[in-house]
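Structure first, commentary second.
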Amino acid sequence: MIVVNIGIGMFAGLVTFLSALILGVSFWPALLLYSLAGTLGLVIVPLMRLAIGTFEGRADLTSDTSSSAIQTDYSSGDPTADQEVFPTDIQPQPMRILAVDDDPYILELIPMISAKAGFSEVTSASSGELALDILAKTNTAFDCLLFDINMPEMDGIELCERVRSLSAYRHTPIIMLTAMRDMKNMDGAFRAGATDYTTKPFDIGDLGARLQFAQEAIIARQEASTTAKTGSVASMSSARRHAFDLDDEVPIEGVKNLVTSAALANYITQVPAKELTGIDVVGVKIDQIDEVYAKATSGEFIAGLKEVATAVGSSFTASGGLLAYTGNGLFLVISDIASRRSSSSIEAELQALLADKFFDGEHNSPMKISIGEPVAPNVAKAQRARITFDRAAVRAENRAIQKQFGTLPSIVHRRGA
């Protein structure tokens, strides 16, 4: 980014220098004008970019809402409109942020924007190598990471992938920052483990909202962890079999292209409208998941989810795409339509892969799945994730009911899929 700014400044100076010579100004005064124009161009252009980004960001927030707002809408409710943002039993701690960018203007800008949004603890790094060094030496892990994608030597995608390999940062929110909005960068970022993605220039409201949602995700994870621990103790003296509920988004480790449902919502919201015709969203439902949940132990249940996720990933995301487990036995998959096959053929293929797999040690709970018909993403950005994901989920549920009963109850038809 610095190179671009310098180039613009030099170009402005050169135009001024040649214009002065044409108008009859002598060489040395023209050269002085060259220096002044070049310096002004170097300073004014970044300021103009920032101002334009602020107006664009505010317009985008007003008309479409940010991708993080979509994420919240999908999980029921916009926290910006809710007075009780944080759980009452877990008080928010100051969020420690690490911002990595090779542009010094951005590194100066991020702490100012973050402070206005209520996050003042920001550490800066000008390269991926320096960021890894900071992460290795810090005694207290950072709570949120901001990575520029386009950096020399180690770009943000490689940095994201390397950070995700560190045990302390497997679930830390990572927001990618980039001046380019193309599918290659987006796909690479989310596959590497990014949870959100925003384009430069950005404004106070947009980046501040993303940081706020990142903090809420951290608090939600802390609350879930606390609940799991207390649930484990309670289960020893009660009939409760698991420390997690059936509809919880149980974390699944070690599956390629598997992301959180929030990251999946952010991804589909950020896809440019012109690219939407090239992707589908498909729901994959584990049959009779309530019975599986009742019979399997927690370890067996999670191991079974991993088996299903691995099989789904191998069939849908071999040529690109992402998947997420959303709870209640449902996986959502974003797939490239270039590799589209009929849902029935993919279902048969997956069932063959899972033919000898069981959720429990007694082999009473075989792994059976149902795949709904693909859904084309809704073009309206503000509702894209919620509407598309809901339709894909209903189609998968319809397919499971159809297999079980041979027909669909009228109430399921009326849900609209």
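The values are calculated or read from the model by the stated rules, or taken from the named source; none is laboratory data. Since the structure is predicted, the reported quantities are computational estimates derived from the model, not experimental observations. In this analysis, Cβ positions are derived from the backbone assuming ideal geometry, glycine residues included, and neighbour counts consider all displayed protein chains. Accessible surface areas use protein heavy atoms only, side chains included; no ligands, DNA or RNA. Shrake-Rupley method; radii C 1.70, N 1.55, O 1.52, S 1.80 Å.
Does residue 323 count as surrounded by 19 or more Cβ atoms within 10 Å (Cβ to Cβ) and closer than 24 Å to residue 274 by Cβ? Criteria met by residue 323. The set of residues in segment 194-214 that are open to solvent by less than 20 Å² (accessible area, probe 1.4 Å) and modelled with pLDDT of 85 or more comprises 194, 196, 197, 211. Residue 351 falls short on exactly one of the conditions (1) exposed (fewer than 14 other Cβ atoms within 10 Å of the Cβ); (2) at pLDDT 80 or above, and that condition is (1). The residues in segment 352-372 that are without any contact (Cβ under 8 Å) to a residue 60 or more places away in the chain and either part of a strand (DSSP E or B) or closer than 24 Å to residue 390 by Cα (or both) can be counted, and the count is 2. Only one entry of 375, 379 meets the criterion of being β-branched (Val, Ile, Thr) and more than 16 Å from residue 316 (Cβ to Cβ), and that entry is 379. Among the residues that make up segment 315-327, is at least one of them over 20 Å from residue 197 (Cα atoms), touching a helix residue (DSSP H, G or I) at 6+ places or on another chain (Cβ under 7 Å), in a loop (DSSP other than H, G, I, E, B) and among the hydroxyl-bearing types (Ser, Thr, Tyr)? Yes: segment 315-327 contains one or more residues that are over 20 Å from residue 197 (Cα atoms), touching a helix residue (DSSP H, G or I) at 6+ places or on another chain (Cβ under 7 Å), in a loop (DSSP other than H, G, I, E, B) and among the hydroxyl-bearing types (Ser, Thr, Tyr). Set side by side, the residues 312, 250 differ, and just one is outside any helix (DSSP H, G or I), β-branched (Val, Ile, Thr) and touching a residue at least 24 places away in the same chain (Cβ under 8 Å), which is 250.
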